[in-house]
Amino acid sequence: MIMRMKIVAGNWKMNTTVPEGVELAKNVLAKVSEKPSDVKLILGVPFTHLAGVAEAISGSGIGLAAQNCADKESGAYTGEVSAAMLKSVGCGYVILGHSERRQYYGETDERLVAKIALAMKEGLAPIFCVGETLEQREAGNHFSVVESQIRNVLFTLTPEQAASVIVAYEPVWAIGTGKTATAGQAQEMHAHIRKVLAGRFGDVAETMPVLYGGSCKPSNAKELFACADIDGGLIGGASLNADDFLAIAKSF
Ligand code: PGA
């Protein structure tokens with residue numbers, strides 16, 4: 001049996017000031033020994049927080065992620081932050097394709113193809129998000145929607161590149177709503193995702209972590225993480241509290 005990495009990644013979104021964020025990272029660090037040693041923690045923080053959080057968690061084994069990167073390498077792109085900049089500040093990961101970016105900031109598959117290529121070039125591991133809306137699920141299109149999100153972006157990678165990708169399944173209707181997918185709904189989609197990945201990447205798909213996200217919290221993490229194809233979580237709201245975040249990491 002292939003052992004996939006177990007991962008609990010926090011997505012702080014646009015929350016906390018820099019001092020508050022550094023404090024939160026220190027609180028996570030102070031409790032990091034409570035989690036099982038085979039669970040990898042990652043903190044997905046705002047751009048402004050990266051340097052301070054990188055310093056706070058330095059040498060701890062906790063991973064650092066940005067929540068986006070530019071679709072261009074460098075140059076006259078006011079307000080953008082490049083993959084190389086993220087690498088230089090100490091990021092190992094970058095969240096790409098989050099539904100909030102797709103929904104509010106016009107993130108397209110085409111841009112994501114460029115972003116993921118640049119992330120790869122810098123050696124950043126993408127945390128690539130997919131997920132359907134409630135409307136799409138109710139219409140019975142959830143499997144095909146998620147499959148096309150994967151095909152349109154991840155299928156541009158080689159199997160060697162795909163080996164460093166972390167996929168996060170985040171049903172849009174479960175994000176920040178308190179409404180979690182049932183373990184059955186999540187497992188069913190995770191198995192589908194792995195099948196789609198296997199169709200393109202073969203055995204590599206067995207090693208790619210697929211995380212669940214969407215109102216994942218200490219009270220439901222255990223049931224979700226017990227599923228065969230759920231390798232951890234991408235945690236929004238509950239990652240803003242160190243105790244809750246660690247409790248989730250202890251749920252395997
Ligand atoms: P949530 O967010 O845990 O607050 O639902 C998850 C996410 O959007 O990554």
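Annotation: the residues TRP12, TRP173, sorted from fewest to most other C-beta atoms within 10 Å of their own C-beta, follow the order TRP173, TRP12.
Stretching ALA84 away from LYS72 to a fully extended chain increases their span by 3.3 nm, per 0.36 nm per residue minus the current alpha-carbon distance.
Over the stretch 24-77, what is the mean sequence separation of C-alpha contacts under 8 Å (at least six apart), divided by residue count, expressed as relative contact order in percent? Result for the stretch 24-77 is 41 percent. Considering the stretch 66-215 at the alpha-carbon level, its Rg and Dmax are found to be 15.1, 47 Å. Take every Cα pair under 8 Å whose residues are at least 6 apart in sequence, average their separation, divide by the length of the stretch 178-252, and the relative contact order is 32 percent. For LYS40, the residues 5 or more places off, or on other chains, whose built amide H falls under 5 Å of its own are LYS6, ILE7, VAL8.
Given their separation in residues at 0.36 nm each and the Cα-Cα distance between them, TYR104 and ALA163 gain 18.3 nm when the chain is fully extended. Extent of the stretch 173-227 along its three principal axes (Cα atoms, max minus min coordinate, largest first): 35, 21, 15 Å.
Footprinting exposure proxy ranking of ILE230, ILE62, ILE127, fewest other C-beta atoms within 10 angstrom first, gives ILE62, ILE230, ILE127.
Here's the picture: a label point sits 7 Å out from the Cα of GLU223 along the beta-carbon direction, and within the stretch 163-192 the residues with their amide nitrogen under 15 Å of it are 178-188. The Rg/Rh ratio for the stretch 1-138, using Cα coordinates for both the radius of gyration and the Kirkwood hydrodynamic radius, is 0.98. Using the average count of surrounding beta-carbon atoms within 10 Å as a protection proxy, the listed peptides 37-45, 153-161 rank, highest first, as 37-45, 153-161. The string of couplings for the stretch 48-62 from the Karplus curve (6.51, -1.76, 1.60, θ = phi - 60°) is 4, 8, 4, 4, x, 5, 4, 5, 4, 9, 3, x, 8, x, 6 Hz, one whole number per residue in order, with x for Gly and Pro. Multiply the residue separation of THR182 and LYS31 by 0.36 nm, subtract the distance between their alpha-carbon atoms, and state the gained length in nm to one decimal. Contour length minus the Cα-Cα distance gives 51.5 nm. Bridging of LYS72 to lysines at a Cα separation below 28 Å is possible for LYS13, LYS87, LYS115, LYS121, once same-chain residues fewer than 8 apart are set aside. Per-residue Cβ neighbour counts within 10 Å put LEU240, LEU118, LEU24 in the sequence LEU240, LEU118, LEU24, beginning with the fewest. Think of it as helices only: each DSSP H run of n ≥ 4 in the chain is worth -39500 (n - 2.57), and spread over all residues that comes to -11500 deg cm²/dmol at 222 nm. The relative contact order of the stretch 1-105, computed from alpha carbon pairs under 8 Å that lie at least 6 residues apart in sequence, is 26 percent. If you bin all the Cα-Cα distances of the chain at 5 Å, starting from zero, the percentages per bin are 1, 7, 15, 19, 21, 18, 12, 6, 1, 0. From the largest down, the stretch 133-190 spans 36, 20, 19 angstrom on the principal axes of its Cα atoms.
Bear in mind these aren't lab numbers, they're just calculated from the coordinates by the rules spelled out. Bear in mind that the values here come from a model prediction, so they are computed numbers and not experimental data. Backbone-built Cβ (ideal geometry, glycine too); neighbour counts: all protein chains shown.
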